[in-house]
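Reviewing the structure listed below.
Read-outs: derived from the displayed coordinates by stated rules, not from any lab. Keep in mind the model is a prediction, meaning the values are calculated, not measured. So basically every Cβ, Gly included, is an ideal-geometry build from the backbone, and we count neighbours across all protein chains shown.
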Amino acid sequence: MRKPGIKTILFKLVAAYGDRTWQKRLEPVDELILTILSQNTSDINSRRAFKSLLENFAGWDKIASAEPVKIADAIRAGGLADVKAKYIKNALMALQKAAPGFDLRFLARGKVRDSREWLLRLPGVGMKTASCVLLFALGMPAFPVDTHVYRVVKRLGLIKDRLSADAAHLEMEKLTAPGDIYRCHVLLIEHGRKTCKAQRPLCPVCCLAGICPSREY
Ligand code: SF4
């Protein structure tokens, strides 16, 4: 079976789940910290940890100067609290110097590649976190590849099986029109959660079954 095109996939996903349009949900620094908290845990847990962090400190500057153990205590709900507390503190300390007022809006004026490089220099920030900040908070055409997106695009044959998740970010940005990146990212995650599940993909009821090279009957 020929590799399906991203436009065709998107058309079918929109028909199945509805369209998704970008709306800013958080300030960039908030998005950055929330995404660090989301590593290796569920959305519910990371949001609970984020809320607790905001409730326990009077601002990002206070967290930057806090003892890591105090930060860890505030984010226990998100798992890996000690590791994430160090990442958060170190990232905020670096931001204090590089982005006064923790204001990252200047990144939207650059190219995706340059702004992502800037974010990647922060402690604890990898490709997915940097791309989430650029896409969700700044509306830039960066394509975060999480575990769902990675699995689904491999099954669809959009990327090679052996391509790393980091490299998949760049490949998906090449394959997808900039204006479609947000809806494509969000819909692939939804599809991965509801239908193209990790263990037992629901191929017989999948909206992409007719074009998917990995369909299981
Ligand atoms: S046909 Fe199966 S493997 Fe392919 S996208 Fe759908 S659920 Fe996933």
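Could you size up the charge dipole of the range 53-205 around its Cα centre, putting +1 on the beta carbon of Lys and Arg and -1 on that of Asp and Glu, and report it in debye to the nearest 20? Kindly include the intermediate steps, with their values, before the conclusion.
On the way: 25 positive and 15 negative charges, 84 e Å.
Roughly 400 debye for the range 53-205.
In whole Hz, what ³J(HN,Hα) sequence does the range 153-169 give by Karplus (6.51, -1.76, 1.60; θ = phi - 60°), x for Gly and Pro?
5, 5, 4, 6, x, 6, 10, 6, 3, 8, 5, 5, 4, 4, 5, 5, 4
Please identify, among LEU158, LEU138, LEU54, the residue showing maximal mean-square fluctuation in a Gaussian network model of the chain using a 10 angstrom Cα cutoff.
Evaluated over the chain, the most mobile residue of the options is LEU54.
Please name whichever of GLN39, LEU53, PHE106 sits farthest to the positive end of the charge dipole of the range 28-137, dipole taken about the Cα centre and charges placed at Cβ: Lys and Arg +1, Asp and Glu -1.
Farthest towards the positive pole: PHE106.
Where the convex hull is taken over the Cα atoms of the range 28-137, what is its projected area averaged over directions, in nm²?
Over all viewing directions, the range 28-137 projects a mean Cα-hull area of 5.9 nm².
Could you tell me which trypsin sites (Lys or Arg not before Pro) in the range 1-46 are loop residues by DSSP with no more than 12 other beta carbons within 10 angstrom of their beta carbon? Don't skip to the end; give the middle numbers.
Values: sites: ARG2, LYS7, LYS12, ARG20, LYS24, ARG25; in loops: ARG2, ARG20, LYS24, ARG25.
Listed in order of number, the matching sites are ARG2, LYS24, ARG25.
Quote the convex hull volume per residue of the range 160-217, based on C-alpha atoms, as a whole number of Å³.
Numbers: hull volume 6.2 nm³, N = 58.
Hull volume normalised by residue count: 108 Å³.
Based on other C-beta atoms within 10 Å, arrange THR35, THR147, THR21, THR41 from fewest to most.
Working: THR35 25, THR147 13, THR21 7, THR41 17.
The fewest-first ordering by Cβ neighbours comes to THR21, THR147, THR41, THR35.
Could you compute how fast the chain diffuses translationally, taking Rh as the Kirkwood radius over C-alpha pairs and applying Stokes-Einstein at 4 °C with viscosity 1.567 mPa s? Give it in µm² per second.
Details: Rh = 18.2 Å.
The calculation lands on 71 µm²/s.
Determine, for MET93, MET172, MET140, the number of other Cβ atoms within 10 Å of each Cβ, and report the residues in order from fewest to most.
Least crowded to most crowded, the residues run MET93, MET140, MET172.
How much mean residue ellipticity at 222 nm does the chain get from its helices, if each DSSP H run of length 4 or more adds -39500 (n - 2.57) and you divide by all residues, to the nearest 500 deg cm²/dmol? The partial results should precede the final answer.
Numbers: 11 runs with 115 residues, N = 217.
Only helices count here, giving -16000 deg cm²/dmol.
Beyond 18 Å, what share of the Cα-Cα pairs of the range 99-217 remains, rounded to the nearest whole percent? Each step should come with its number before you reach the end.
Numbers: 3700 of 7021 pairs.
Within the range 99-217, distances greater than 18 Å cover 53 percent of Cα pairs.
Student exercise: in the range 28-137, how many lysine pairs 8 or more apart or on different chains have Cα atoms under 18 Å apart?
17
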